[in-house]
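Asks: Mind looking over this structure? Questions follow.
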Amino acid sequence: MVAVTIWNEFRHEREDDDAAAVYPDGIHETIADALGERGHDVRTATLDDPEHGLTEDVLSDTDVLCWWGHTAHDEVRDEIVDRVHERVLEGMGLLVLHSGHYAKIFKRLMGTSCSLQWREDGGTERLWVVDPGHPIADGVDESIELPQTEMYGEPFDVPEPDRLVFTSWFEGGEVFRSGCCYRRGKGRIFYFRPGHETYPIYDDEAIQQVLDNAVEWASPVEGAPRSFGERE
């Protein structure tokens, strides 16, 4: 059983009627329900919780942290970013979802602006599996079609992924690297593009399957011992 913490700003769902209609209890609760049903040990945390819900105790008890943010990236305190960054380097997995590409923690781990093109038009997206042998693609068809979504387009200012699992095609003709795998220190990181707040994307069973697979993939692996510093 993987211990998962779902972090969400939880601002849109309280301030925007369209978002509240789709996720009345918050995006974090929808994802938590999906992962909980698949056997994971799930807790949630939000921006307005004390210490953003990411205390030392919570993070030390988290195998994989799932991050959704959009309008309040700058409100995340730097000392909390430091805390999460350290845990990732120690081996905690990190799933960064949709507009979380601008999160402070993702930008720090990538070392780039993480900027992209976007258009909110409600068009169709098709996510193509371009690495069918990767564990995150296990049980997923050759593509996932989302009838309404927000377009993200290249260029996407991130480092070349270690592995690219999904590439998106949009109705307007754009393409985007939508499933990017990285390793930083001992931690595994997966950026997954789908997830706009006014479309029920996290209710989609195929998307939930990807998240389930990603949690399993990103969970810590002990591996061989590591040592640093002067050697006698």
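The values are calculated or read from the model by the stated rules, or taken from the named source; none is laboratory data. All of these numbers come straight from a predicted model, not from anything done at the bench. In this analysis, Cβ positions are derived from the backbone assuming ideal geometry, glycine residues included, and neighbour counts consider all displayed protein chains. Each accessible area value is taken on the protein alone, full model and side chains, heavy atoms only, with ligands, DNA and RNA left out. Shrake-Rupley method; radii C 1.70, N 1.55, O 1.52, S 1.80 Å.
Asks: What does the extension gain come out to for residue 21 and residue 43, with contour length at 0.36 nm per residue minus their alpha carbon separation? Can you show the working numbers first?
Replies: Details: separation 22, 0.36 × 22 = 7.92 nm, distance 2.28 nm.
That works out to 5.6 nm of additional length.
Asks: Next question. May I ask for the angle, rounded to the nearest 10°, between helix 27-37 and the longest principal axis of the chain, with both axes built from Cα atoms and the value confined to 0 to 90°?
Replies: 70
Asks: Over region 1-86, what per residue volume does the convex hull of the Cα atoms give, in whole Å³? Write out the running numbers ahead of the final one.
Replies: Numbers: hull volume 7.1 nm³, N = 86.
Expressed per residue, the convex hull around the Cα atoms of region 1-86 is 83 Å³.
Asks: For region 18-146, would you read off the P(r) tail past 20 Å as a percentage of all alpha carbon pairs? Provide the component values of the computation, followed by the final result.
Replies: Numbers: 4556 of 8256 pairs.
Of all Cα-Cα distances in region 18-146, 55 percent exceed 20 Å.
Asks: With every protein chain kept in the model, how would you rank 183, 193 by accessible area, 1.4 Å probe, largest at the top? Numbers along the way, then the final one.
Replies: Working: 183 120, 193 0 Å².
Correct descending sequence by accessible area is 183, 193.
Asks: Compute, for residue 105, the solvent-accessible surface of its heavy atoms (probe 1.4 Å) with the complete set of protein chains present, and express it in square angstrom to the nearest 10.
Replies: 0
Asks: If you keep only loop residues by DSSP, which GluC sites (Glu not before Pro) in region 144-204 have at most 16 other Cβ atoms within 10 Å of their Cβ?
Replies: Working: sites: 145, 150, 171, 174, 197; in loops: 171, 174, 197.
Answer by residue number: 171.
Asks: How far is it, in nm, from the label point at residue 124 to the one at residue 61 when both lie 7 Å from their Cα along the line to the Cβ?
Replies: With each label point 7 Å from Cα toward Cβ, the separation is 4.6 nm.
Asks: Using a 1.4 angstrom probe and counting only protein chains, how large is the accessible area of residue 74 in Å², to 10?
Replies: Spelled out: residue 74, probe radius 1.4 Å, area about 140 Å².
Asks: Could you compute how fast the chain diffuses translationally, taking Rh as the Kirkwood radius over C-alpha pairs and applying Stokes-Einstein at 25 °C with viscosity 0.890 mPa s? Give it in µm² per second. Provide the component values of the computation, followed by the final result.
Replies: Numbers: Rh = 17.8 Å.
It diffuses with D of about 138 µm²/s by this estimate.
Asks: What do you get for the angle between helix 78-90 and the principal long axis of the chain? Use alpha-carbon atoms, 0 to 90 degrees, nearest ten.
Replies: It works out to around 70 degrees.
Asks: Using a 1.4 Å probe on the protein heavy atoms only, what accessible surface does residue 127 show? Give it in Å² to the nearest 10.
Replies: 0
Asks: From the square roots a ≥ b ≥ c of the eigenvalues of the alpha-carbon gyration tensor of region 111-232, which class results: rounded (a/c under 1.5), prolate (a/b over b/c), or oblate? Kindly include the intermediate steps, with their values, before the conclusion.
Replies: Working: a/c = 2.58, a/b = 1.73, b/c = 1.48.
Cα axes put region 111-232 in the prolate bin.
Asks: Between region 83-130 and region 1-47, what is the C-alpha centre distance in whole Å?
Replies: After rounding, the separation between the Cα centres reads 17 Å.
Asks: Hey, got a sec? Which chymotrypsin sites (Phe, Trp or Tyr not before Pro) in region 194-232 land in a DSSP loop and have at most 13 other Cβ atoms within 10 Å?
Replies: Working: sites: 202, 217, 228; in loops: 228.
Sparse-neighbourhood loop chymotrypsin sites (Phe, Trp or Tyr not before Pro): 228.
Asks: Let me ask another. Where both partners of a DSSP beta bridge lie in the chain, what percent of those bridges are antiparallel, to the nearest 5?
Replies: Working: 25 of 45 bridges.
Taking every DSSP beta bridge with both residues in the chain, the antiparallel ones total about 55 percent.
Asks: I would also like to ask the following. Given N residues in region 162-232, what is its alpha carbon radius of gyration divided by 2.2 N^0.38 Å? Provide the component values of the computation, followed by the final result.
Replies: On the way: Rg = 16.9 Å, N = 71, 2.2 N^0.38 = 11.1 Å.
Cα Rg divided by the expected 2.2 N^0.38 Å: 1.52.
Asks: When only the heavy atoms of the protein chains count and the probe is 1.4 Å, how do 75, 125, 15 rank by accessible area, highest first? Mind dumping the intermediate values first?
Replies: Numbers: 75 95, 125 0, 15 140 Å².
Heavy-atom accessible area, descending, gives 15, 75, 125.
Asks: Specify whether the C-alpha gyration tensor of region 109-181 places it in the rounded, prolate or oblate class, a ≥ b ≥ c being the square roots of the eigenvalues: rounded for a/c under 1.5, otherwise prolate if a/b is larger than b/c and oblate if not. It would help to have the intermediate numbers written out before the result.
Replies: Values: a/c = 2.49, a/b = 1.02, b/c = 2.44.
Taking the square roots of the gyration eigenvalues as a ≥ b ≥ c, region 109-181 is oblate.
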